[in-house]
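Could you have a look at this structure, given as structure tokens, before my questions?
The values are calculated or read from the model by the stated rules, or taken from the named source; none is laboratory data. In this text, all values refer to a predicted model and were calculated from it rather than measured experimentally. Glycine also receives a Cβ, built like all others from the backbone with ideal geometry; neighbour counts cover every protein chain displayed. Calculation scope for accessible area: heavy atoms of the full protein, side chains included, ligands and nucleic acids excluded. Shrake-Rupley method; radii C 1.70, N 1.55, O 1.52, S 1.80 Å.
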Amino acid sequence: MSAGRITRSGRKILGGGKAGSQEQAAGQVVKAASPGGAASKRRIQVQYEVVENTDKKLKWEPKNWRKQLENIRQMRSGRDAPVDQMGAEKCFDQNAEPQVMRYQVLLSLMLSSQTRDQVTSAAMTKLREHGLTVGRILETDEETLGKLIYPVGFWKNKVKYIKKTTEILQEQYGGDIPDNVAELVKLPGVGPKMAHLIMDIAWNKVSGIGVDTHVHRISNRLKWMKKETKTPEDTRVALEDWLPRDLWSEINWLLVGFGQQVCLPVSPRCADCLN
């Protein structure tokens, strides 16, 4: 595989001697005179030097995963899944100042939790029309904010998360967002999956794999785990143990779209799947 990594959207970023055989240690038999003059047999153990095995243990990886990955890339080549048109990478203002863009990425991912991309995109459009900056959201009361983001999943809770998070950003980060996972997950409503995606999209840094319900489900269906995992966070840890780091950014984008179109949660379209 060539150097560099593939982003979520599929964009590539350039960024001993011979071993001898070992004989078995066999006892050497010699004769020694006994006090009575009769010969007796005495076994002398000969200890041979043990040659240490310096071969490194191969890291576990699932069978045929590279072929399966290429098949998924082929099935995703049309780039026409909801995540391709309305995912977090498409919801922020591309012409805004970098600090504003990062804030909008953060909010789009907060809204996306347990919400379809179409609903998140519509809410982000209304927010941007309203004015989606730290200052503007601080000026917006919770009732108005609720009307803007409705009907995203758990919108009432998310109103509170957005207001509190925005206050923290203003007070502690000068209106910008944290540039590391440890501080991102301290923000209200931000979990590990969001944090890793924020790092990738907003900061262009790969800190880990963003594992949502699609990545979790498909990774288990493909047997990409040593054993079945119960939570997305368990899946993230298991994937990062063997998946090459230059694929960490791409894998979320690939599997989310694949899960939206083919490997559905219920009644998956297995007949249309190359795997």
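State, to one decimal in nm, how far the label point of Leu247 lies from the label point of Thr144, with both points 7 Å from Cα in the Cβ direction.
Simple spin-label model gives 4.8 nm for this pair.
Step through the residues of segment 176-193 one at a time and calculate ³J(HN,Hα) from phi using the Karplus curve (6.51 cos²θ - 1.76 cosθ + 1.60, θ = phi - 60°), rounding each to whole Hz and writing x for Gly and Pro.
Per-residue couplings from phi come out as 9, 10, x, 10, 8, 5, 4, 7, 4, 6, 7, 6, x, x, 10, x, x, 4 Hz.
Oh, and also: Once label points are set 7 Å from the Cα along Cα→Cβ at both Glu97 and Arg73, what is their separation, rounded to one decimal in nm?
Those two pseudo-labels are separated by 4.0 nm.
Taking the Cα centre of segment 107-207 as origin, sum charge times position over the Cβ atoms of Lys and Arg (+1) and Asp and Glu (-1), and report the length of that vector in debye to the nearest 20.
Dipole of segment 107-207, to the nearest 20 debye: 360 debye.
For Arg136 and Glu183 in the same chain, what is the full-extension length gain: residue separation times 0.36 nm, less their Cα-Cα distance, in nm?
Taking 0.36 nm per residue and subtracting the Cα distance, the gain is 14.6 nm.
Okay, moving on. Counting only protein heavy atoms, what percent of the accessible surface of segment 134-175 is carbon or sulfur at a 1.4 Å probe?
Here it works out to 49 percent.
Taking 45 Å as R0, compute the FRET efficiency from the Cβ-Cβ separation of Trp60 and Thr125 and round it to 0.05. Kindly include the intermediate steps, with their values, before the conclusion.
Details: r = 45 Å, r/R0 = 0.99.
E between Trp60 and Thr125, to the nearest 0.05, is 0.50.
Using 7 Å Cα-to-Cβ label points, what is the Phe154/Leu264 separation (nm, one decimal)?
Distance between the two pseudo-spin positions: 2.6 nm.
For segment 158-210, what is the charge dipole size about the Cα centre, in debye to the nearest 20, if Lys and Arg each add +1 at the Cβ and Asp and Glu each add -1 at the Cβ? It would help to have the intermediate numbers written out before the result.
Working: 7 positive and 6 negative charges, 64 e Å.
Rounded to the nearest 20 debye, it is 300 debye.
Through the Karplus equation 6.51 cos²θ - 1.76 cosθ + 1.60, θ set to phi - 60°, convert the phi angles of segment 256-271 into ³J(HN,Hα) values in whole Hz; use x for Gly and Pro.
Result, ordered by residue: 5, x, 4, x, 6, 10, 10, 8, 5, x, 10, 6, x, 8, 5, 5 Hz.
Next question, about the same structure. Post the alpha-carbon centroid distance, segment 166-242 to segment 66-120, in whole angstrom.
14 Å
Which of the trypsin sites (Lys or Arg not before Pro) across segment 59-132 are loop residues per DSSP, with 12 or fewer other Cβ within 10 Å? Don't jump to the answer; show the numbers that get you there.
On the way: sites: Lys59, Lys63, Arg66, Lys67, Arg73, Arg76, Arg79, Lys90, Arg102, Arg116, Lys126, Arg128; in loops: Lys59, Lys63, Arg76, Arg79, Arg116.
The qualifying sites are Lys59, Lys63, Arg79.
In square angstrom, what is the accessible area per residue of segment 104-206 with a 1.4 angstrom probe? Don't skip to the answer; put the middle values down first.
Working: 4730 Å² over 103 residues.
Value returned for segment 104-206: 46 Å² of accessible area per residue.
Still on this structure: Holding the Cα-Cα limit at 27 Å, pick out from Lys156/Lys223; Lys163/Lys230; Lys126/Lys193; Lys126/Lys158; Lys193/Lys230; Lys67/Lys186 the pairs that are longer than that.
Working: Lys156/Lys223 37 Å; Lys163/Lys230 32 Å; Lys126/Lys193 25 Å; Lys126/Lys158 15 Å; Lys193/Lys230 15 Å; Lys67/Lys186 38 Å.
From the list (Lys156/Lys223; Lys163/Lys230; Lys126/Lys193; Lys126/Lys158; Lys193/Lys230; Lys67/Lys186), the Cα-Cα distance tops 27 Å for Lys156/Lys223; Lys163/Lys230; Lys67/Lys186.
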